[in-house]
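Step one of this worksheet: look at the structure below.
The values are calculated or read from the model by the stated rules, or taken from the named source; none is laboratory data. Everything numeric here is computed off the predicted structure, so don't read it as measured data. Using ideal geometry, Cβ is built from the backbone for each residue, glycine included, and neighbour counts are taken over all protein chains shown. Accessible surface areas use protein heavy atoms only, side chains included; no ligands, DNA or RNA. Shrake-Rupley method; radii C 1.70, N 1.55, O 1.52, S 1.80 Å.
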Amino acid sequence: MTFTTHTGNRGLVLEEQLIFEQGQPGRTGVDLPEPKGTKSRLGGLDRDGDVGLPGLSEPQVVRHFTRLSQKNYGIDAGFFPLGSCTMKHNPRLNEKVARLPGLADLHPMQPESTVQGALELIDQCAHWLLVLTGMPAVSMSPAAGAQGELCGMMAIRAALDARGENRRRVLVPESAHGTNPATAAACGFTVDSIPATEDGRVDLAAFEAKLGDDVAGIMLTNPNTCGLFERDVRKIADLVHEAGGYFYCDGANFNAIVGRVRPADLGIDAMHINLHKTFSTPHGGGGPGSGPVVFSEALAPFAPIPYVVKKGDGFHLVETADEEDGMKPFGRLKGFHGQMGMFIRALTYMKSHGADGLRQASGDAVLNANYLLARLKDKLSVAFPGYCMHEALFDDGFLKDTGVSTLDLAKAIIDEGFHPMTMYFPLVVHGALLIEPTETETKESIDQFCDAILSLVAKAESGDAEFFKNAPYLTPRRRLDETAAARKPVLRWKPETA
């Protein structure tokens with residue numbers, strides 16, 4: 001029997017109308033007097049119709065947004081095992097520092113003399129990134145990982161153009177992040193895919209066979225999207241350099257190797273760093289992100305403007321290409337210098353942990369992932385043999401002949417109180433389940449998640465496929481037609497007509 005209520009509420013999980021559906025004409029939470037002694041400056045263009053905004057009282061507004069916040073699942077609510085995304089805990093110390101007077105109220109148009117502390121903070125954050133990566137230069141301005149990729153590939157194109165070489169082919173492994181080939185194409189390169197070996201790594205022989213004098217470089221994720229370290233990474237770097245190309249590394253998974261491996265020692269020429277993945281600044285819901293890019297000596301001259309330099313007793317923001325000898329920046333990526341709030345949070349995280357703490361965090365992330373792998377590998381089908389890095393990858397082989405799909409299992413996990421793992425990615429693994437516990441999850445929370453997964457697998461094996469097809473049962477909304485939602489999204493509310 002399906003139990004329903006008159007209100008649509010499910011206990012204290014309340015049914016919530018759209019804010020427009022709740023609004024009533026003329027209702028308001030404020031009472032402002034008409035301005036006196038002023039003349040309209042609209043030149044007769046005054047609005048004569050309704051603005052179309054909802055009218056609500058203050059309690060209605062408070063309740064609406066409070067209820068919406070309770071429906072949202074975030075890292076503060078529970079285990080968030082999205083693989084490839086590194087949903088780290090965001091320490092409250094970071095938030096406290098970001099809200100300090102003098103930091104929280106900065107304005108990007110302030111005179112340089114009034115923001116010396118902010119410029120010094122950016123410089124310090126950049127210094128930490130350079131030390132941790134071993135690279136000589138960094139651009140702090142990219143707004144997120146995808147823009148960081150764009151930054152790195154634009155620098156590579158600028159370097160090739162400066163050499164007078166029309167190299168336009170970029171090699172991209174099958175296990176790379178999906179934005180990698182898109183970024184290469186956006187920069188005018190053609191993408192040439194490299195297959196993976198049976199153990200989930202770049203096929204070195206296939207890579208070597210694709211090298212030529214038209215190759216601009218390689219875009220490689222390391223640790224890769226299968227949660228594995230590319231053991232031939234140094235050989236790959238040497239080969240691409242011998243062929244005259246550059247090595248771009250997607251640094252989205254840097255959280256697994258911070259303090260243990262320096263990208264410069266791997267022969268990398270450019271790598272973006274997701275501050276919102278590796279250094280605990282918030283992300284999700286569209287931002288804010290931050291994706292600084294570190295550069296090798298070969299690409300450093302082509303890094304974009306602006307960048308901070310120290311001159312005498314103060315800091316200076318270099319805004320034009322001719323201010324520094326030898327620099328040939330390809331241009332500017334965004335309006336100002338970057339996500340200041342994220343720089344503050346990242347530097348707070350790095351300084352509060354120290355070098356030893358960052359090293360421990362990366363080690364704990366790998367330990368947690370391998371513990372989860374050990375708990376699940378006897379019942380779930382492991383995609384590739386051996387230990388993993390920061391995330392464990394499974395295929396859907398364990399669901400064969402059960403009538404249950406990866407999506408069905410993920411929907412049932414919601415009823416257990418967990419956000420589902422990353423599904424169907426990477427594409428090289430059929431029905432993929434990519435799980436990343438990060439370093440801050442306790443053994444108890446990982447055990448609880450694993451126990452829930454194992455109980456659902458047992459239920460699938462028992463033949464109760466119908467249960468999974470109708471999951472989730474306990475959410476404010478039941479299973480949606482996600483294909484229709486993607487193809488025919490309803491993005492605008494329209495009032496009912498009488």
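Which of the residues belonging to the range 273-304 are open to solvent by less than 10 Å² (accessible area, probe 1.4 Å), outside any loop (DSSP other than H, G, I, E, B) and of a type in the set (A, V, I, L, M)?
I273, L275, V293, V294
Of the numbered conditions (1) open to solvent by 20 Å² or more (accessible area, probe 1.4 Å); (2) in contact (Cβ under 8 Å) with a residue 60 or more places away in the chain; (3) over 30 Å from R92 (Cβ atoms), G326 satisfies every one except a single condition; which is it?
Just one mismatch for G326, condition (2).
Applying the selection to the range 218-236, what residues are basic (K, R) and touching an Asp or Glu at 6+ places or on another chain (Cβ under 6 Å)?
Of everything in the range 218-236, nothing turns out to be basic (K, R) and touching an Asp or Glu at 6+ places or on another chain (Cβ under 6 Å).
When you look at H390, is it assigned to a loop (DSSP other than H, G, I, E, B) and in contact with a Leu (Cβ under 8 Å, 6 or more places away or on another chain), yes or no?
It is false that H390 is assigned to a loop (DSSP other than H, G, I, E, B) and in contact with a Leu (Cβ under 8 Å, 6 or more places away or on another chain).
Which ones in the range 148-204 are surrounded by fewer than 17 Cβ atoms within 10 Å (Cβ to Cβ), of a type in the set (S, T, N, Q) and within 17 Å of C226 (Cβ to Cβ)?
S193, T197
Would you please list the contacts, defined by Cβ atoms under 8 Å and residues six or more apart or on different chains, that run from a residue in the range 358-373 that is part of a helix (DSSP H, G or I) to a residue that is surrounded by fewer than 18 Cβ atoms within 10 Å (Cβ to Cβ) and aromatic (F, W, Y)?
What qualifies is N370/Y387; L373/Y387.
Residues to consider are D313, D364, D356; find the one that is open to solvent by 20 Å² or more (accessible area, probe 1.4 Å) and touching an Asp or Glu at 6+ places or on another chain (Cβ under 7 Å).
Residue meeting the stated conditions: D364.
Take the residues in the range 1-24 that are farther than 15 Å from P59 by Cα and among the acidic types (D, E), then tell me which one is least open to solvent (accessible area, probe 1.4 Å).
Result: E15.
For the range 230-272: of the residues being among the hydrophobic types (A, V, I, L, M, F, W, C) and within 16 Å of R359 (Cβ to Cβ), which is most open to solvent (accessible area, probe 1.4 Å)?
It comes out as V261.
Within the range 304-328, work out how many residues are of a type in the set (G, A, S), out of contact with any Lys or Arg (no Cβ under 9 Å at 6 or more places or on another chain) and under 24 Å from Q116 (Cβ atoms).
The qualifying residues number 2.
Specify the residue that is farthest from L130 (Cα to Cα); the eligible residues are those in the range 240-270 that are among the hydrophobic types (A, V, I, L, M, F, W, C), part of a loop (DSSP other than H, G, I, E, B) and in contact with a strand residue (DSSP E or B) (Cβ under 8 Å, 6 or more places away or on another chain).
This residue is A243.
Take residues that are touching a helix residue (DSSP H, G or I) at 6+ places or on another chain (Cβ under 6 Å) and surrounded by 15 or more Cβ atoms within 10 Å (Cβ to Cβ) and tell me which of the helices (runs of 4 or more DSSP H) falling wholly in the range 395-494 contain 1 or more.
406-415, 443-461, 465-469
For A486, which of the numbered conditions (1) closer than 24 Å to D401 by Cα; (2) free of Cβ contacts under 8 Å to residues at least 24 places away in the same chain fails to hold?
(1)
Look at E120 and say whether it is open to solvent by 60 Å² or more (accessible area, probe 1.4 Å), charged (D, E, K, R) and assigned to a helix (DSSP H, G or I).
yes
Under 6 Å by Cβ, and 6 or more places apart or on different chains, what pairs join a residue from the range 438-462 that is more than 22 Å from A365 (Cβ to Cβ) with one that is open to solvent by 30 Å² or more (accessible area, probe 1.4 Å)?
L454/K379; V457/K379
Just need a number here: residues in the range 310-361 that are out of contact with any helix residue (DSSP H, G or I) (no Cβ under 7 Å at 6 or more places or on another chain) and among the small types (G, A, S).
The qualifying residues number 8.
Among the listed residues R47, R41, R67, which satisfies the condition of being closer than 30 Å to R477 by Cβ, basic (K, R) and open to solvent by 30 Å² or more (accessible area, probe 1.4 Å)?
Going through R47, R41, R67 in turn, the sole match is R67.
Looking at R27, R99 in this structure, which one is surrounded by 12 or more Cβ atoms within 10 Å (Cβ to Cβ), over 32 Å from the mean Cα position of the chain (by Cα) and more than 30 Å from A176 (Cα to Cα)?
Only one candidate passes the filter, namely R27.
So, restricting to helices (runs of 4 or more DSSP H) that lie completely within the range 123-239, which ones have at least 2 residues that are charged (D, E, K, R)?
Passing ranges, in order: 145-162, 204-210.
Anything in the range 299-345 that is more than 30 Å from the chain's Cα centre (by Cα) and closer than 20 Å to H127 by Cβ? List them, or say none.
Those that are more than 30 Å from the chain's Cα centre (by Cα) and closer than 20 Å to H127 by Cβ: K310, K311, G312, D313, G314, F315, H316, E324, M327.
Residues of the range 61-81 being in a helix (DSSP H, G or I) and closer than 13 Å to I414 by Cβ, which ones?
Correct list: K71 only.
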